[in-house]
1. Per the Kirkwood formula on distinct C-alpha pairs, the Rh of region 66-163 is how many angstrom?
2. Relative contact order for region 177-302: what percent, with Cα pairs under 8 Å and sequence separation of 6 or more?
3. Along the Cα→Cβ direction, 7 angstrom out, place labels at residue 117 and residue 86. What is the inter-label distance in nm?
4. Sticking with the crude label model, points 7 Å out along Cα→Cβ, report the distance from residue 79 to residue 220 in nm, one decimal please.
5. Could you please state, rounded to a whole Å, how far the C-alpha centre of region 33-80 is from the C-alpha centre of region 84-140?
6. 7 Å from Cα along Cα→Cβ at both residue 201 and residue 253: what's the point-to-point distance in nm?
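Read-outs throughout are calculated quantities, based only on the coordinates presented, and are distinct from any laboratory measurement. Everything quoted here is computed from the prediction, not taken from an experiment. Backbone-built Cβ (ideal geometry, glycine too); neighbour counts: all protein chains shown.
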């Protein structure tokens, strides 16, 4: 969504920087360094060699032009980087780079390192969104509007109730994202065919130590064809995108003059139309809906393909998680903007929807219109007390 003008109104929280070429290469170097440290601790490679590999496993020591030339010449995603790290290491340390590993071990683990960093940003953004929405729910807890079913007026509700529904749904996304961490963010070291043949009896111990150095869990069975953990994360992003689309579409609809119940903020200088000066277009909502549409279907397809991969499929070049990252990050950037708290200047039109008894019936059985939050649950979602 970077090409959309509205993207310039919202700061990138840092997700894009995590998926640049340099960030990808560095994540692979981080895995190579963790592997060397683990193998030195187990006596598989010399400690001096491991220290040198760790010291030189930074892009500042490597010739990226040589790496790119190697990529063009070999068509291999990792080997030119390994060659360059080998060259940068002094003495014979370079000969121990990538010892016993295979390409997918490094690229998949490195990719999940990148995704985990994005995951932390997503959770921080969701905490900010939930806090903002909670304030909005409190401010509008008594603002009446018609509850609708099948697009038609049903019984009275309040705008605060509507926002509380969004909060409840987003809270479950936070729970799912936290719940998947031990399954998704795992380090892989199975060697050529996932059998640990290169490392023998020390193979699983090496993987465990490598994972610990990366702050990850080890794969229970480091087979090359296991991809359901990646598919799970892509699916969760697709679900989160769906909620973003739902909220965006609701705001888009209620901004129509026929409803006139909410508005997006319109900062000074914003232009709605080059021809019609009265236009106040729902630009943020439209971008959220479009980003979700571009992310949900491809993400779902990639997730299914990754989970169903067969023994002769190698996902080194990647696949599932990277394919979803741009629309996913765009959705989080747009929904997470400060404008969400100002989405309703009102609502602008108060609807004569009846007495408090009817309104309370919609919200709670005790006729209280105040959205209620469980303090413990709220803290688990946002990391903050309320």
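1. Its Kirkwood hydrodynamic radius stands at 18.7 Å.
2. RCO, region 177-302: 24 percent.
3. The answer from the label model is 2.7 nm.
4. Result: 3.5 nm between the two label points.
5. Centre-to-centre distance over Cα atoms comes out at 18 Å.
6. 6.6
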